[in-house]
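Undergrad: What follows is a single structure, and I will ask about it in a moment.
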Amino acid sequence: MLDQWLFVGIFVSIAAVFPLLPLVMARFLAPRKPNRIKQETYECGIETVGDTWVQFKIQYYVYALVFLIFDIETVFLYPWAVSFDVLPLFAVFEGVLFILILAAGLFYAWRKGALEWS
Amino acid sequence: MTFFEDPVVFLSNLIQDLLVGLNLAPSVVTFFMTLLGVVIVASFGLIAVIFLIWLERKVAARFQDRIGPNRAGPYGLLQTFADIIKLITKEDITPDNADKVAFNIAPILSVVSVLLIWAVIPFASGWIGSDINVGVLYIGAVGSFGILSVLMAGWSSNNKYALLGAFRAVAQLISYEVPMLITLLIPVLLARTMGLMGIVEAQSTWFVVYAPLPALIFLISSIAEIGRTPFDLLEAESEIVAGFHTEYTGMKFGLFFAGEFLHAFTIGVLTAILFFGGWRGPGAETYPVLGVIYLMLKALGGYFIVMWVRTTLPRIRIDHMLNFNWKLLVPVTLALLMLIAVLDKAFAGTALYLPALIAANLVVFAGLMVALRQLAVRQRKERKRFKKRPVAKPA
Amino acid sequence: MIPLSWYLILAAGLFCIGFYGVLARRNAIAILMSIELMLNAVNINLVAFWRFLAPESISGQAFAVIVFAVAAAEVAVGLALVISIYRSRKTVIAEEINLMKW
Amino acid sequence: MTPIQLVFLFVAFATLWAAFMVVTRNNLVHAALFLVIALFGVAVLFVMLEAGFLAVIQVLVYIGAIAILMIFAVMLTRGDVDDIPDITNRYAGWVGLVAVLFFSSLVILMAQWPSFTALAKPILSSRDTIVELGTALVSPNGYVIPFEVASVMLLAALIGALVVARPRKGK
């Protein structure tokens with residue numbers, strides 16, 4: 001298995017080099033005439049007003065939170081799915097129970113209105 | 001083993017013999033062979049993108065009753081090259097207020113995250129970059145770098161709209177990753193392996209037959225993962241300028257752009273592999289070249305659907321998009337997963353297997369339709385109540 | 001070949017860096033990040049022990065998977081608490097969060 | 001010095017350097033990005049330990065979810081209090097000393113253990129550790145209780161975090 005991962009390892013480094021090539025080419029070919037106005041933040045075309053750090057909705061965090069829980073629970077199910085052939089019937093129901101607990105979390109978040117974009 | 005039966009194995013044997021003949025250590029030979037494989041697979045992805053951009057522009061033009069690129073080269077084939085030259089020779093501006101390092105790494109990371117998927121794609125029988133036994137999860141893991149690159153780009157631009165766009169994009173990407181991960185679980189369950197080669201080999205009957213609904217949900221959530229219409233809220237021009245890549249110019253913008261196109265095609269490839277039998281087809285076992293052709297045709301079919309959706313549907317509102325995911329896709333995929341798991345265990349190997357799974361899909365689909373109908377009825381009543389209220393009439 | 005000692009020393013180093021972060025940083029989120037480093041050091045040890053000393057059973061990996069779940073739960077609740085406290089008290093400095101001190 | 005040892009040393013130093021940056025950077029978004037590098041380094045170590053499954057879930061869960069959650073939290077808790085002059089408290093020097101002492105005593109302690117320099121036995125290629133993990137997680141003589149308890153714990157964490165993080169109604 002390690003030589004399969006060697007391929008992935010080399011792939012990571014090559015994949016990082018490939019997009020770097022056009023950037024390096026651009027470095028030599030593209031003109032560079034920086035001036036103060038050009039280097040300013042573009043934003044929406046007019047001058048920037050105020051701080052970039054506007055107040056964000058807590059809702060973004062709530063989605064990330066629900067995602068995190070679902071992510072880890074789904075990952076737990078992958079080994080279960082792979083070993084399906086050797087599992088006895090009750091082990092399948094354990095997996096189903098696991099999914100039901102997961103669904104209970106979703107149901108709770110739904111009823112609490114945590115999934116509403118307000 | 002002649003050239004025509006399996007050119008890749010033939011050539012790789014040839015090169016391997018050559019390297020061994022040079023008296024190199026076996027580990028060095030392995031390293032060189034792997035490196036060669038990596039370069040071929042990675043360049044395949046990137047060269048495909050050049051062709052795909054042209055194809056997409058042509059197809060989108062046809063959908064909108066235009067001709068599309070037709071000047072540079074025959075049928076405008078050289079248009080993309082012209083665009084690349086233009087992007088490379090454009091001035092590359094990094095705003096003074098930007099966080100330089102993160103700003104420059106983000107576009108590279110964005111392309112890398114998509115390109116890395118190609119490391120585990122089985123092109124044909126025996127033609128695969130890396131047949132790791134966790135292939136499906138690897139695809140999900142690599143996708144998280146894409147999410148990170150969006151967040152990095154938005155934050156480092158030091159721009160309100162970029163940051164806001166990045167937040168939106170991330171909320172969308174992580175939301176749709178949940179149904180995607182769950183639907184990815186269904187082919188894994190049916191094939192009993194996470195390796196993509198194993199999944200293709202297990203599909204003597206295409207998985208789309210057993211699991212049409214998961215295939216559809218996978219495609220939908222993947223389109224959301226690319227951030228294309230109708231899910232292109234991350235770059236809603238009327239609200240947040242261009243989203244997280246507002247500050248990017250020149251080739252760095254080009255990298256985000258290329259990454260998106262490559263991602264769209266990769267989605268087609270993945271759909272073909274997971275649900276449509278990958279390289280499988282008549283004669284693909286003996287002549288692997290045919291397998292590559294089958295895979296590419298299936299992938300182009302998937303890509304065509306993505307383009308079709310893109311040119312047909314308007315952008316949807318952010319709350320609708322998130323509700324659609326959390327209140328429709330996620331419950332449906334969970335129900336499907338449970339049903340398929342139980343039925344698979346109960347009927348595996350019997351004649352009832354296929355009817356049972358199709359019935360499960362139909363039941364879930366019917367249940368979904370009933371629920372949607374009730375929702376629609378309720379909303380219509382609500383709307384009627386609003387209508388009864390007195391409205392000020394113009395005199 | 002890499003001996004077990006390399007992994008153990010690396011994990012010990014990672015654990016001590018996290019330990020320093022937990023006790024010395026003032027920002028509560030930075031403290032949570034340092035806890036993640038410590039949990040990762042633990043996971044390296046678990047997997048290294050599995051690989052080098054008991055590869056025939058799968059316990060090491062099973063333990064590591066459970067640690068992942070614990071880390072996820074800890075981050076979810078920990079960050080929620082930090083955000084909640086920030087909303088009511090406008091601070092993320094651990095020393096200033098003295099609600100339950102006497 | 002074999003190539004695999006060189007790779008290990010490179011990854012190990014990158015991980016430790018990134019971890020050090022996490023605890024010393026003032027800018028918390030930078031700290032979170034360095035945390036991502038450290039976590040990725042740990043994932044590479046998992047691959048080298050032939051635990052590919054753990055490596056991918058390390059990336060999927062830690063980088064894809066936990067790091068993102070961290071960055072979100074950093075951005076949600078920014079305000080005028082952010083520019084604190086010193087990022088460490090007044091015990092930082094002592095804590096650093098204790099950490100170094102702790103590290104050296106750990107190494108000295110471990111060095112006296114006979115299995116300290118054990119070498120790995122090759123894992124049979126016929127074994128599928130993922131299937132073993134899957135069966136162990138749901139078998140009654142394995143880890144079925146931790147498995148189900150973990151799911152209940154995650155449910156509790158979700159409910160708790162939602163209750164804590166969301167603003168009260170009517171506020």
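Undergrad: Quick test of your reading of the structure: D:G93 fulfils all but one of (1) within 14 Å of chain B (Cβ to nearest Cβ); (2) surrounded by fewer than 24 Cβ atoms within 10 Å (Cβ to Cβ); (3) more than 17 Å from C:G13 (Cβ to Cβ); (4) without any contact (Cβ under 8 Å) to a residue 24 or more places away in the chain. Name the failing condition by number.
TA: Single failed check for D:G93: (1).
Undergrad: Would you call D:I37 surrounded by 24 or more Cβ atoms within 10 Å (Cβ to Cβ), within 22 Å of B:L148 (Cβ to Cβ), free of Cβ contacts under 8 Å to residues at least 24 places away in the same chain and outside the structural domain of D:L133 (by TED's automatic domain parsing)? Write out each step before concluding.
TA: Details: surrounded by 24 or more Cβ atoms within 10 Å (Cβ to Cβ): no; within 22 Å of B:L148 (Cβ to Cβ): yes; free of Cβ contacts under 8 Å to residues at least 24 places away in the same chain: yes; outside the structural domain of D:L133 (by TED's automatic domain parsing): yes.
No, not satisfied.
Undergrad: In region C:25-53, how many residues are farther than 30 Å from D:L76 by Cα, within 7 Å of another protein chain (Cβ to nearest Cβ) and not hydrophobic (A, V, I, L, M, F, W, C)?
TA: 1
Undergrad: Considering only residues that are of a type in the set (A, V, I, L, M, F, W, C) and part of a helix (DSSP H, G or I), which ones fall in region C:75-102?
TA: Hits for region C:75-102 are C:V75, C:A76, C:V77, C:L79, C:A80, C:L81, C:V82, C:I83, C:I85, C:A94.
Undergrad: For region B:326-347, check the following and say yes or no: at least one residue is without any contact (Cβ under 8 Å) to a residue 24 or more places away in the chain and exposed (fewer than 15 other Cβ atoms within 10 Å of the Cβ). Give the derivation first.
TA: Within region B:326-347, the subset without any contact (Cβ under 8 Å) to a residue 24 or more places away in the chain is B:327, B:331, B:338, B:342-343, B:345-347.
Adding the requirement that they be exposed (fewer than 15 other Cβ atoms within 10 Å of the Cβ) leaves B:346.
Yes - at least one qualifying residue is present in region B:326-347.
Undergrad: So which residues in region B:236-263 are modelled with pLDDT under 75 and buried (at least 23 other Cβ atoms within 10 Å of the Cβ), if there are any at all? Walk me through how you get there before you give the answer.
TA: Kept after step one, since they are modelled with pLDDT under 75, are these residues of region B:236-263: B:236-243.
Within region B:236-263, B:I240, B:G243 meet the criteria.
Undergrad: Sort out for me the helices (runs of 4 or more DSSP H) sitting completely within region B:312-388 that have 2 or more residues that are within 25 Å of A:E94 (Cα to Cα).
TA: It comes to B:330-347, B:353-388.
Undergrad: Got a sec? Which of D:V131, D:V152, D:V100, D:V163 is more than 9 Å from chain A (Cβ to nearest Cβ) and free of Cβ contacts under 8 Å to residues at least 40 places away in the same chain?
TA: Result: D:V100 is the single residue among D:V131, D:V152, D:V100, D:V163 that is more than 9 Å from chain A (Cβ to nearest Cβ) and free of Cβ contacts under 8 Å to residues at least 40 places away in the same chain.
Undergrad: Turning to a different aspect of this structure: Which one of these does D:R78 not meet: (1) more than 7 Å from every other protein chain (Cβ to nearest Cβ); (2) within 29 Å of A:F70 (Cβ to Cβ); (3) surrounded by fewer than 21 Cβ atoms within 10 Å (Cβ to Cβ)?
TA: Result: D:R78 passes all but (1).
Undergrad: Moving to a separate point now. Which of (1) assigned to a loop (DSSP other than H, G, I, E, B); (2) facing another protein chain (nearest Cβ under 7 Å) is the odd one out, the single condition C:A69 does not satisfy?
TA: Going through (1) assigned to a loop (DSSP other than H, G, I, E, B); (2) facing another protein chain (nearest Cβ under 7 Å) one by one, C:A69 breaks only (1).
Undergrad: Restricting to region A:77-89, name every residue that is over 17 Å from B:S144 (Cβ atoms) and either more than 7 Å from chain D (Cβ to nearest Cβ) or surrounded by fewer than 23 Cβ atoms within 10 Å (Cβ to Cβ) (or both).
TA: Kept after step one, since they are over 17 Å from B:S144 (Cβ atoms), are these residues of region A:77-89: A:77, A:79-89.
Residues satisfying the conditions are A:L77, A:A81, A:S83, A:F84, A:D85, A:V86, A:L87, A:P88, A:L89.
Quick grid of which residues meet (1) among the hydrophobic types (A, V, I, L, M, F, W, C); (2) under 15 Å from C:I17 (Cβ atoms); (3) modelled with pLDDT under 90; (4) out of contact with any Phe, Trp or Tyr (no Cβ under 8 Å at 6 or more places or on another chain):
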site	(1), (2), (3), (4)
C:I29	yes, no, yes, yes
C:I44	yes, yes, no, no
C:V47	yes, no, no, no
C:L53	yes, no, yes, yes
C:E74	no, no, no, yes
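Undergrad: Run C:L81 past the list (1) more than 7 Å from chain D (Cβ to nearest Cβ); (2) modelled with pLDDT under 90 and report the number of the one that doesn't hold.
TA: Among (1) more than 7 Å from chain D (Cβ to nearest Cβ); (2) modelled with pLDDT under 90, C:L81 violates only (1).
Undergrad: Residue under question is D:F10, and the condition is that it be modelled with pLDDT of 90 or more, more than 14 Å from chain B (Cβ to nearest Cβ), crowded, with 18+ Cβ neighbours inside 10 Å and part of a helix (DSSP H, G or I); does it hold?
TA: So D:F10 does not fit the description; no.
Undergrad: Of the conditions (1) at pLDDT below 90; (2) buried (at least 18 other Cβ atoms within 10 Å of the Cβ); (3) closer than 30 Å to B:V28 by Cβ; (4) more than 8 Å from chain B (Cβ to nearest Cβ), D:G52 satisfies every one except a single condition; which number is it?
TA: For D:G52, the exception is condition (4).
Undergrad: Another question, if that's okay. Determine which single condition B:G283 fails, assuming it passes every other condition in (1) within 11 Å of chain A (Cβ to nearest Cβ); (2) more than 21 Å from the chain's Cα centre (by Cα).
TA: The one condition B:G283 does not meet is (1).
Undergrad: Right, B:L270: in a helix (DSSP H, G or I), aliphatic (A, V, I, L, M) and within 21 Å of the chain's Cα centre (by Cα) or not?
TA: Yes.
Undergrad: While we're here: B:W279: outside any helix (DSSP H, G or I) and either of a type in the set (F, W, Y) or not assigned by TED's automatic domain parsing to the domain that holds B:F167 (or both), yes or no?
TA: Answer is yes for this residue.
Undergrad: Which one of these does B:S43 not meet: (1) over 28 Å from the mean Cα position of the chain (by Cα); (2) surrounded by fewer than 17 Cβ atoms within 10 Å (Cβ to Cβ)?
TA: Among (1) over 28 Å from the mean Cα position of the chain (by Cα); (2) surrounded by fewer than 17 Cβ atoms within 10 Å (Cβ to Cβ), the lone unmet condition for B:S43 is (1).
Undergrad: Let me spell it out: the conditions are (1) outside any helix (DSSP H, G or I); (2) buried (at least 24 other Cβ atoms within 10 Å of the Cβ), and B:P107 meets all of them except one. Which number is the exception?
TA: (1)
Undergrad: Could you check region A:1-37 and list, in sequence order, the residues that are at the interface with chain B (Cβ under 7 Å from one of its Cβ atoms) and among the small types (G, A, S)?
TA: Across region A:1-37, the qualifying residues are A:A15, A:A16, A:A26, A:A30.
Undergrad: Follow-up question, since we're still on this one. In region B:152-162, what residues are free of Cβ contacts under 8 Å to residues at least 60 places away in the same chain, crowded, with 24+ Cβ neighbours inside 10 Å and of a type outside the set (S, T, N, Q)?
TA: Scanning region B:152-162 gives B:M152, B:W155.
Undergrad: In contact with a helix residue (DSSP H, G or I) (Cβ under 6 Å, 6 or more places away or on another chain) and more than 8 Å from every other protein chain (Cβ to nearest Cβ), is that true of D:G64?
TA: It is false that D:G64 is in contact with a helix residue (DSSP H, G or I) (Cβ under 6 Å, 6 or more places away or on another chain) and more than 8 Å from every other protein chain (Cβ to nearest Cβ).
Undergrad: Of (1) touching a Pro at 6+ places or on another chain (Cβ under 8 Å); (2) touching a residue at least 24 places away in the same chain (Cβ under 8 Å); (3) more than 14 Å from chain D (Cβ to nearest Cβ), B:V112 satisfies all except one. Which?
TA: Exception for B:V112: condition (3).
Undergrad: Do we have any residue at all in region B:75-84 that's on the phi > 0 side of the Ramachandran plot, surrounded by fewer than 19 Cβ atoms within 10 Å (Cβ to Cβ), outside any helix (DSSP H, G or I) and not polar (S, T, N, Q)?
TA: no
Undergrad: Going by what's in this entry, would C:I31 be described as out of contact with any strand residue (DSSP E or B) (no Cβ under 6 Å at 6 or more places or on another chain), surrounded by fewer than 24 Cβ atoms within 10 Å (Cβ to Cβ) and assigned to a helix (DSSP H, G or I)?
TA: Details: out of contact with any strand residue (DSSP E or B) (no Cβ under 6 Å at 6 or more places or on another chain): no; surrounded by fewer than 24 Cβ atoms within 10 Å (Cβ to Cβ): yes; assigned to a helix (DSSP H, G or I): yes.
No: the conditions fail for C:I31.
The values are calculated or read from the model by the stated rules, or taken from the named source; none is laboratory data. Only a predicted model underlies this, so the values are computations on that prediction, with no experimental measurement involved. Backbone-built Cβ (ideal geometry, glycine too); neighbour counts: all protein chains shown.
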